[in-house]
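Right, one structure below, let's go through it.
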Amino acid sequence: MFSTKESFDVVVVGGGPGGAMTAWAAAENGMDVLMIEKDREIGVPVRCAEGIGADVIHRYLDPDPRWISAKIEGVRLYAPSGESVEFTEEGMGYVLERRVFDRELANHAGKAGAEIRVSTCATGLEFAGDRPCGVKILTRGRESTVRCRVVIAADGVESRVARWAGIKTLIALRDLEVTTQYLLDNVVTDKGYCEFFVGRGVAPGGYAWIFPKTADTANVGIGVCGRYTRQKSSTAYLHDFIENRFPDSTPLAMVVGSVPVATTLDDIVGDGVMVVGDAAHQVNPISGGGIGTAMIAGEIAGRVCAEAIKDGDYSKKRLSKYRKEWDEAYGSHQKRVYRVKEAVSKLTDETLNATASKLRKKESPTLRD
Ligand code: FAD
């Protein structure tokens, strides 16, 4: 369990949902896997509103009250005018308790045989020619190198591992959502609903959200398109929103972070390397949701790299099966969602208000409308 082993089939950098799913799938398919996480604790700090669709949870796990804060039966979208439209669906999704959820995924990886080292930071790659063959790590002040056949870059939106491997990870400012969120206590919300607020004054090029957690608490946050944050920060937008809506609330926790609301990187594989989750920009470009998509990508990446290693060929060409399966599973759909995001971001507040009024007149509007 606390080995000092220095050679593995696969080294996964990052213990988030993308990394844990990759480690789980690779270990389950017979690989000798090490997953490293730079933080002291898997799942902490939580940089997330914690909402997820039920379908992706049910695909991999049995829902467990230990990591589910609230069950979601619908979403409510608010136009700038304040008019709202509701979309309901029984068993639509969950608001998670991510610090427990991320540990659950890591625990599955561990039970499948993966070794997990926390407080262990990747600081660079070792190369044999152009091909990565190991990861330089720093564990509580001690430097060493772990050798491997395939490196997985699951190190989140600020991924350095993919860049070290020569993969282009640059993202345009307009495709980066800058976010701030508070976990607020003493708030009255509609427990079964996730609520979204759009409009130039609220969150230009993004939205504000209220995701219920417990009887009195909710994740209340805002994402603003990176283009607009020079004039006013996402934190300032959020403070205005909270002052208006929850003047008596108590902030219990704050997070700031960014979300890549783009399409998947052109390259998510190289010789002996694969990129997963936020690091690969595998996020829904409209909602900014990336937990489920990171899990889907991780499952594919872990399985494909195991097949490749068993065949003794983990070249870029062989690992490209991951790209193909990802595009079938979500990547092609993500491109369509991105085009919708581009169109929606150009809508004026007046058009958003008119659209909300029109949808309200429909009997049972769906998100497809
Ligand atoms: P991460 O969860 O970011 O995990 C990457 C891990 O790599 C981290 O634990 C990090 O510490 C580790 N790491 C980084 N560098 C190194 C290194 N050098 N060595 C070792 N470890 C390293 N998504 C949703 O689906 N629903 C939501 O409601 C939602 N809300 C969000 C709200 C906010 C404010 C933000 C910022 C994001 C939100 N997201 C949401 C997005 C979601 O959090 C991410 O898409 C998801 O966590 C991606 O998982 P991942 O495993 O790719 O990356």
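The values are calculated or read from the model by the stated rules, or taken from the named source; none is laboratory data. On a predicted model such as this, the values are computed, not experimentally measured, just so you know. Note that each Cβ is placed from the backbone with ideal geometry, even for glycine, and that neighbours are counted across all protein chains shown. Ligands, DNA and RNA are stripped out before the accessible areas are found, and what is left, the full protein with its side chains, is counted by its heavy atoms. Shrake-Rupley method; radii C 1.70, N 1.55, O 1.52, S 1.80 Å.
For residues in region 47-65 being within 13 Å of the ligand (Cβ to nearest atom) and of a type outside the set (Val, Ile, Thr), which is modelled with the lowest pLDDT? Filtering region 47-65 for residues that are within 13 Å of the ligand (Cβ to nearest atom) and of a type outside the set (Val, Ile, Thr), the one modelled with the lowest pLDDT comes out as ARG47. Filtering region 269-284 to residues that are assigned to a loop (DSSP other than H, G, I, E, B) and within 12 Å of the ligand (Cβ to nearest atom) leaves VAL276, HIS281, GLN282, VAL283, ASN284.
Rundown of residues vs (1) within 30 Å of ILE152 (Cα to Cα); (2) of a type outside the set (A, V, I, L, M, F, W, C); (3) touching a helix residue (DSSP H, G or I) at 6+ places or on another chain (Cβ under 6 Å), yes/no style:
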site: ALA215; (1), (2), (3): no, no, no
site: TYR228; (1), (2), (3): no, yes, no
site: ILE242; (1), (2), (3): no, no, no
site: VAL256; (1), (2), (3): yes, no, no
site: VAL259; (1), (2), (3): yes, no, no
site: THR263; (1), (2), (3): yes, yes, yes
site: VAL269; (1), (2), (3): yes, no, yes
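When GLN334 is tested against (1) more than 14 Å from THR293 (Cα to Cα); (2) at pLDDT 95 or above; (3) open to solvent by less than 60 Å² (accessible area, probe 1.4 Å), only condition (1) is not met. Counting only residues that are more than 13 Å from the chain's Cα centre (by Cα) and on the phi > 0 side of the Ramachandran plot, region 255-281 holds 1 of them. Listed by first and then second residue, the pairs with beta-carbon distance under 7 Å, at least 6 apart or on different chains, first residue in region 20-39 and under 22 Å from PHE2 (Cβ atoms), second polar (S, T, N, Q) and within 12 Å of the ligand (Cβ to nearest atom), are ILE36/THR120; GLU37/THR120; LYS38/THR120. If you check ILE68, ILE36, ILE42 for being at pLDDT 95 or above, within 21 Å of TYR193 (Cα to Cα) and touching a strand residue (DSSP E or B) at 6+ places or on another chain (Cβ under 9 Å), only one passes: ILE68.
Within region 92-141, how many residues turn out to be surrounded by fewer than 17 Cβ atoms within 10 Å (Cβ to Cβ), more than 30 Å from LEU183 (Cβ to Cβ) and within 11 Å of the ligand (Cβ to nearest atom)? Residues that pass the stated criteria total 5. Looking only at residues in region 255-284 that are charged (D, E, K, R) and touching an Asp or Glu at 6+ places or on another chain (Cβ under 9 Å), the one that is most open to solvent (accessible area, probe 1.4 Å) is ASP271. Restricting attention to region 56-96, the residues that are outside any strand (DSSP E or B) and not β-branched (Val, Ile, Thr) total 15.
Selection of region 285-313 for residues being under 23 Å from PHE196 (Cα atoms), part of a loop (DSSP other than H, G, I, E, B) and open to solvent by 10 Å² or more (accessible area, probe 1.4 Å) yields ILE286, SER287, GLY288, GLY289, GLY290.
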